[in-house]
Amino acid sequence: MEGGSAPISKVTVEYADPSNLFPLVADTFRAHLPLRNLHWKSPTRPLRSIDFLHVELVPSAAGAVQDDRRHQIPGLRRTPYLKIYLLRCDDSDTYKASARKAVREWVRSLGPASASAGAARGGQENHDACEWLVLHVVMPGSLAAVQSSARKEGGEKSKGVLGRGGSSILEKLKADFNIGGKGAMDRVAQVRLDPSAVPDGEAFGNVDEEGGAKLREEAWQDVVAKMKALILASFNLRVSQYEEDIRERDAQRSLPGWNFCTFFVLKEGLARGFESAGLVEDALMGYDELSLGLDTAIRELSEEGGSRRSDSFLGSTEELKDLLIWGAKGEGDAALENLFARPISAKRKNYRQLVLSNNISIFDFKCYIFARQMAILLRMGIPHSDELASIQDEAARTQYILETEDLGPLSDLCARGSSFISSVSRLMRADLHTASRTYDVSASDTLIDNLVSSWTYAVAQQLLEETTTRTVSAVARRQPVDPSHPPRSSSLSQNLSKNESQAIFDRLAQAALASDSRMLSRDRASDLETLAGRRAELGLLQRRVLERVGQVRGWEVGFGRFEGAKEDGMEDVDLDEDAESQDGEEKSLAGVCQSDMIRATQSLGDLREVYEKLTNMVLDHVLATRSTKVVEMLTADLALIKYDSGDYVSAANYLSRVTPLYSSHQWSAIETVLLKVHAACLAKLHRKDDHVRALLALLAQIVARRRGNSSKGLRSGEAEGQQLLKEIVTCSKELPYELSIPAEKYFEYVEVEPYIKHRDDRDGFMLRVKVRQLLSGNLKVDAARVRLRSIPAGGREIWLDSAEAAVLKEGVNWVEVGTNVTTDGTFVVDKVMLKANKIAFVHEPTGLEKAALNLPGSHQTMTTPIKARILCYPAPEAFHVTAALSRHIFIDQPRTLEIACESGWNEIQKAEVHIRSATGGLRLRTASTVYVSGDGELKKISAPGVIEFSSLPLRSKLVFKVPYDLEDNIPDVSLKLDIKYTTPHGVFDYISSPTITNDLPLDVNVHDLFKSTLLYSRFNIRTSKPIPLDILSVSLTGTDRFAITAPPVAPTPLTVFPAQPATLMYQIRQIARAEGTPPRQPAADEKPLTLAVDYRVLEDVVLSSLSANFASPLFASPFHPLIGLLRRAFVDRVRQIYTPADYEEVALLSRVRVPPFADMAWESLVDVLPPSTAGPLRKYLEEWHKACLWVGLLPNHPDPRRVTIKVPLPRLRVLHTAVLDLPAPSGGVYTTGTLIPATLRIVQTRRWDVGPMPEKLEFVYEIEAPPGLWLVGGMRRGRFWAKEGECKEWAVPLVPLMAGRLPVPGVEVYDA
């Protein structure tokens, strides 16, 4: 309902106008109405604020005195709250002669009706309490106007014509009629007319005094203020009286003869009083209490049988009885149909008189109460025309409406309306049945149902019309809530376009009110959402009514046509059936009285049209509430309507968006219906790919239902599923691409047996895929594929393919897949793919339960589902590659990786080795690959990172070296090896990611001591790791210029411990040279010495000995195929268990302690093997560990390693040999304090360096003697010149100062 048309109750103000003044003041009077901003305070209630008080001005009966007797039941009459006497008195003489007498007689005629006499009258007269006001209307130019102007200007009493003092007419009126005393109210007011508003001949002059407009407005404001005070005084007395009477009557409820109808009229009088005074919340509360009281009265009447009460209700409604007769017999007034135009109205009957006379039915009673509640709620929510009268501009009017509309009460009205329809429709049905029995009317259930449905639809329609506001209309149409853009006049129920399916969900995702609520507060936006949702509920109620009425004619719309599909045991629905062609008998539509329903029942097309419009209207409102689930339901309904009407494009667009949503919410029954319709639409549109997808989704639903029923022993949907399966596979041949779909939707399970199986005569391995099919038909799988991904994530992946097609039957099926890849490590199943034509059923397993495991061959702990792990390992005779650091290392040359390829049982014709770095900073120089040994033929490098060889026979080996460089000193480097090799059986792959230790296990340091003709070099060899080393041999090789003298006793072999390095001293001398040959060559030309160290790391010895002892009995055991896997796992685990202390123990005892079974963690390996192998293997390993506690070290095993170091000879520019020669003492002992004539000799040589130097060089010598031990005579420091081979001597007197063995003083020589 647009603003300004809501019904409203007003306060009556009666005016007496003996001088016919009202036409002159009417416009000004109404301009100040309604009264605004009143505040009422009752002793028993909190302060109430009244924003608008609507006043109705009514004339008295020709000014005559009215003395009607009050009705015995208060509240039935509508009496004025204020009576106004319009007085024209132009001068004082007229006032004295006639005006005073007329006013006094009018006041006397009011009698006890005035509120001022309330106390004297007693409480019973206060139901119609009324105040009075004398309004003096001053004509322009009259003496009264002159008196009024003089008082305004002079501020004192005006002077008479002869200068004598006098009073104005207003003062005389107040003195004569105002009642004195504290708190007395002023009942006299005066207004002056605008000269331009007075007709010619009425005014005494037409000259307006200065400031007259302002004075006139002030006078009118005074009148308005007095009206407010007087009306509130009357209202206060009335409320107090009503409350007192209600309390008295309610206290008599238990007494015989108590009548609810009388009580209702009394209490409604109070509610109407509140309503007329603008206190609509209090009025609504009063009607809510009356509604509850009516329910209580009905219940008490049914329980007590009315023995103690004087009231009763009619068994049936007269109007419904007539309507029933008209519908059943065609007799009566057809105008009864108009009941369904506006069924809820307080003016449709004289309900209050019916209540007072106890001649009302419960149906009418409830309708009346709801009608009054609706009127109050509409007044609370929609501004009235009186409030808009002063606003002339359309934009300002719209802005005011948008700001003053209160959507909360309208939402409450819709909610109350839904509840009212639900309860009263049942009451109406019972009323009609009672009338049928009472008046012997043969009425069928269909007739009664149609009447109730028509009434239900009409009430809902009325509520929708009444609560339609500009805000709701704009949001429902998705227009801006902006007064500068008024809403269009098109209907809310307009049809959606073909692209609306996309727009619906786009609008829902945009937070529906985000763009339209810029002029709405957050609370107002919330109220708008609530109102839209409540209105949508009413629309849904109308839809249900239409569905039921359509069923009477045998027509189904929406999901009703597919109801059978919601059951598990459903039957197929013919989607191409034309419902209008049904030959069933047309049902009776008697009693369908609502206009929209009558039109909808004319034909199936009309029904669909009305139903679609309702659905669109509801959808518009629901989109404003952002109720996702309801939007999905309505969109599905629209899709089914479009399909039934032949609009397959729109239906397909809707279903493509809404069907997946139902799938995500697991509403399988509804999804099945939608999928069938969607598939039918796509088939008619010849959209092959989408058609196949829809069929697959439908098949998934059938499989899901079959999966759920299998546990109950049911076998529903088998034939349908088999037919769909064939259709899908056939249609997929025409697809332009391969379609991947989740396999878990179409099979009970798809599992990969986590145990590999090696082939008997070639490399690679196989796995078995276990598939359980639920449908009874056969499915031909052209190819099966399994993808394995290594652990950790991001590693290698392997594809396994089936060798031939397989047929999957109902039940468990096994499909074998294989690969030509040889690798080792732990993998997980990443994807399983079953291909049928261009349909790929894809299963990507994910583990739910995870357990920590320590994988064999890995140094890290990982979390992977145990059942998902697949341990891959090569067969004993399979192609195998090992990569390690070269055994012979030259420190001055790039290091090399030694790669050994063993053919096993393969006769390799050709092979490509793709080697890549897996470590940052590692650069492989594959172009410099060097053949080492073996039977194969290494070919020329054709591309970076690729090494090719050919002709590698059975059980042969090829070894080659690949140099590499490192940017940083990295302890370990990793590689990625991909080898593709060809044998007579085909092409095979070998993949591996070895990690190689880059650090040397030893360090070598050298210290040099120069003599005049010899050089002594001391080499210290220590371990770089806390593991002992076995030094097998050490050799230092000389050059053509230098000869080496080794230690007289060879210290090797020896064991080097971390805290005990080995030391070897070598003597180096220059070889005699020809005359004129320099003693040394330039550094660039001189050859260095060569130090070679042969060694074994004790860790390698221990692991080799343990591995050989462990593998030896395996060759003769049933576990021979697992020897490679077990051996690697054994070595890796021992390497983790053994500590440096254990290796030192082995070095001392020359034997190895075998770790016990419990420490080896064999369970992590045994658990991933087949159960038939795991049990016996576990027992074998336990017995071996018990029997083998110690193992001796193998001699000369493994092969020793060698490191070759180039040792350049150091250079010394000048070598001075200083000798302090002391004479032999007598008796062999020097005496303390005795002078010793010592001689200092210094000899120079330049043989340890080469280069141009002067013949003589200047040096300084300095004798250093510890103070307190020696006394040095002569010079302690001297300067001298010397040349090659020259000997210099100096006498140095020495005196020993202390007894004992004294160190000889030292001599230091340095350049001058």
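The values are calculated or read from the model by the stated rules, or taken from the named source; none is laboratory data. This one's a predicted model, so the numbers in the text were calculated from it and none came from an experiment. Quick reminder, even Gly has a Cβ in these numbers, built from the backbone with ideal geometry, and neighbours come from all protein chains shown. Each accessible area value is taken on the protein alone, full model and side chains, heavy atoms only, with ligands, DNA and RNA left out. Shrake-Rupley method; radii C 1.70, N 1.55, O 1.52, S 1.80 Å.
Gap in Å between the Cα centre of segment 1024-1089 and the Cα centre of segment 918-957? Computed from Cα coordinates, the inter-centre distance equals 36 Å.
Working from Cα pairs under 8 Å separated by at least six residues, relative contact order for segment 954-1050 is 16 percent.
Taking the square roots of 5 times each eigenvalue of the Cα gyration tensor of segment 997-1057, largest first, gives ellipsoid semi-axes of 26, 14, 11 Å. Once the C-beta distance of Glu804 and Arg759 is scaled by a Förster radius of 22 Å, the resulting FRET efficiency is 0.90 to the nearest 0.05.
What shape does segment 913-999 have by the C-alpha gyration tensor, where a ≥ b ≥ c are the square roots of the eigenvalues, rounded means a/c under 1.5, and otherwise prolate means a/b greater than b/c and oblate the rest? It comes out prolate by the Cα gyration axes. Counting only protein heavy atoms and a probe of 1.4 Å, the accessible surface of segment 721-792 is 44% carbon and sulfur. Segment 278-295 and segment 766-831 have Cα centres spaced 75 Å apart. On full extension, the segment bounded by Tyr749 and Ala213 gains 183.6 nm, given 0.36 nm per residue less the C-alpha separation. The GluC sites (Glu not before Pro) of segment 909-981 meeting both criteria, a DSSP state outside H, G, I, E and B (loop) and at most 10 other C-beta atoms within 10 angstrom of the site's C-beta, are Glu967. In segment 1140-1250, taking the dipole from charged Cβ atoms about the Cα centre, the farthest positive-side position among Ser1172, Leu1194, Ile1242 is held by Ile1242.
With each label modelled as a point 7 angstrom along the Cα→C-beta vector, the Glu319-Arg1211 pair spans 12.7 nm.
For segment 766-822, the per residue solvent-accessible surface stands at 43 Å², with DNA, RNA and ligands left out and a 1.4 Å probe.
The residues of segment 253-293 expose, per residue, 31 Å² of accessible area to a 1.4 Å probe. Between the beta carbons of Ala1141 and His1007, assuming R0 = 35 Å, the FRET efficiency works out to 0.70 to the nearest 0.05.
A 1.4 Å probe run over the protein chains yields, for segment 917-1057, 49 Å² of accessible area per residue, whole-number rounding.
Applying 0.36 nm per residue to the separation of Lys780 and Ser254 and subtracting their alpha-carbon distance, the gain on full extension is 180.9 nm.
Surface composition of segment 1041-1165: carbon and sulfur atoms hold 57% of the protein heavy-atom accessible area at a 1.4 Å probe.
Taking label points 7 Å from Cα along the Cα-to-Cβ direction, Ser526 and Ala31 give a separation of 4.3 nm. Toward the positive end of the charge dipole of segment 1083-1228, with +1 on the Cβ of Lys and Arg and -1 on the Cβ of Asp and Glu, the farthest Cα among Phe1115, Pro1225, Gln1136 is that of Phe1115.
Taking label points 7 Å from Cα along the Cα-to-Cβ direction, Asp93 and Phe22 give a separation of 3.2 nm.
Only Lys, Arg, Asp and Glu carry charge here, each on its Cβ (+1 for the first two, -1 for the last two); on that basis segment 975-1030 has a dipole of about 180 debye about its Cα centre. For the peptides 873-886, 1135-1148, residues were scored by their other Cβ atoms within 10 Å and the scores averaged per peptide; the highest-first order is 873-886, 1135-1148. Each peptide in 1000-1007, 317-324, 1024-1031 receives the mean, over its residues, of other Cβ atoms within 10 Å, and ordering these scores from highest gives 317-324, 1024-1031, 1000-1007. Packing order of peptides 1042-1053, 1106-1117, 89-100, highest average first: 89-100, 1106-1117, 1042-1053 (average count of other Cβ atoms within 10 Å over each peptide's residues).
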